[in-house]
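Take a look at the structure below.
Just so it is clear, none of the values below were taken in a lab; they were calculated from the coordinates. Note that the structure is predicted; figures quoted are calculated from it, not measured. Here the Cβ is made from the backbone with ideal geometry for all residues, glycine too, and neighbour counts use every protein chain on show.
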Amino acid sequence: MRRLHLPSSTLARHLLGAALGLVVVILVLQGVSDFRRFQLAEMAYLGIAVGGLTVLTGLNGQLSLGHGALMAFGAYTAALLLPDREASTPLPLVVLAAVAVTLVVGAAVGIAAARLHGPYLAGATLALAVAVPGIALYFKETLGGEQGLRIVMPDRPGWAEEATFFVTGQELTTAGWVAFLSWSTLILTYFLLANLSRSRVGRRWRAVRDDEVSAQLAGIDLGRARVSAFMVSAAAAGAAGAMLGLAVRLAAPSSFTLTISLTLVAAIVLGGLGSLTGALLGAALLTFLPQVVTQVGTANGLSDIQAAELAPLVYGLVMVAVILLAPAGLFGTVHQAVVRRRLQRRATAAAAAGGPHPTTPDSPDAIGTDDTTTTEGVPR
């Protein structure tokens, strides 16, 4: 059986993965209903935010409990740029503006929190998550108050409708267009995050995470590394907020409470800290598990209200089970097992050949290739 040879260049591998991911997205979206497309759009914007958070926490060691508030800046930026069809802004510019605004906010928060560690940083970002929804209430004339701002989706471009009909033989619906935009943004975000994590900047982030004293002795500016990581993570949250606003057609304070910030943290715990694949898996669980539990509950005789109340309980039990049985997260635990098995096979082969025992995997500590290992090759 011939072995599949991937490109040796990291950039080429990530480009190939992004292209394959886009093809899979197109094939999946054409075969599902509009309701499923909306769910997939939800999974995509959650995946974008969780991907940025897993880079911040898993790669740089900073814990943020305020990423839901950063998503709010992206959503409100989109709402201000898309108030009606006549004054609508091209969607790529809307997303870029949301990213830029959130990047500036992330820089300000990152600079203020650069000297904080552990629970102090978590507390500072927690205060951000609590305070930001109140901004919309204070500036209610501009930001709509409790009701929020309505987002008007621009008309679908003609080339997209023609391309969809040519490829699938189906009309392009609004739900399908939003889902495609969301997943295209997710793929682009993950491509950039994966390449950035394998760059010199990513190595500096890992050095600060692993040993601050050694990193400082090596000439790394700890504050600059922390601020840059926070800015990148905030930019991802801004893109996620813009996609959320486009999906629900609204930017309101109730969408960005403390709950969504804690939900993002739960996703990286479930999927696996430090892995983009784990981040996507966590986003999928957040999106589909409550509905599956609700459907099972109603099928077994529970009322709609009882089934809906059952979903948080099951989600909590799954969370506890993952923490106890798979502390590295679902994907992280599987990846650890694969790494150990690979090392055992190499050790067995080396012992049979009389050579030295291997101690490290092929490419350790690479978040772009689903990393859950340290620079010594030991699973985290």
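At-a-glance table
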item: Within-12-Å neighbourhood charge of A175 [Cβ basis; K, R +1; D, E -1]; result: +1
item: Size of charge dipole - the chain - debye, nearest 20, with Cβ of Lys, Arg +1 and Asp, Glu -1, no other charges; result: 1280 debye
item: Potential lengthening between R249 and D155 on full extension [0.36 nm per residue; Cα-Cα distance subtracted]; result: 32.5 nm
item: Nitroxide proxy distance, nm - points 7 Å out along Cα→Cβ at L258 and V296; result: 3.0 nm
item: Value of D in µm² per second that Stokes-Einstein yields for the stretch 98-230, Kirkwood Rh from Cα pairs, at 25 °C (0.890 mPa s); result: 130 µm²/s
item: Computed label-point distance, nm, for sites A349 and Q306 using a 7 Å Cα→Cβ extension; result: 5.7 nm
item: Exposed GluC sites (Glu not before Pro) absent - longest run of the chain, DSSP non-H/G/I/E/B, at most 15 other C-beta within 10 Å; result: 172-375
item: Directionally averaged shadow of the stretch 56-132, computed from the convex hull of its alpha-carbon atoms, nm²; result: 5.6 nm²
item: Cα-projected label distance for K140 with A12, points at 7 Å along beta-carbon direction, nm; result: 6.0 nm
item: L250 long-range amide H proximity, modeled H, under 5 Å; result: I151
item: For the chain, the fraction of alpha-carbon pairs in successive 20 Å shells from zero, as %; result: 26, 57, 16, 1
item: Cα Rg over Rh - the stretch 186-264, Kirkwood; result: 1.10
item: Nearest-ten-degree value, helix 222-248 long axis tilted from longest Cα axis of the chain; result: 40 degrees
item: Stokes-Einstein D in µm²/s, Kirkwood radius over Cα pairs - the stretch 33-183 at 10 °C with 1.306 mPa s viscosity; result: 91 µm²/s
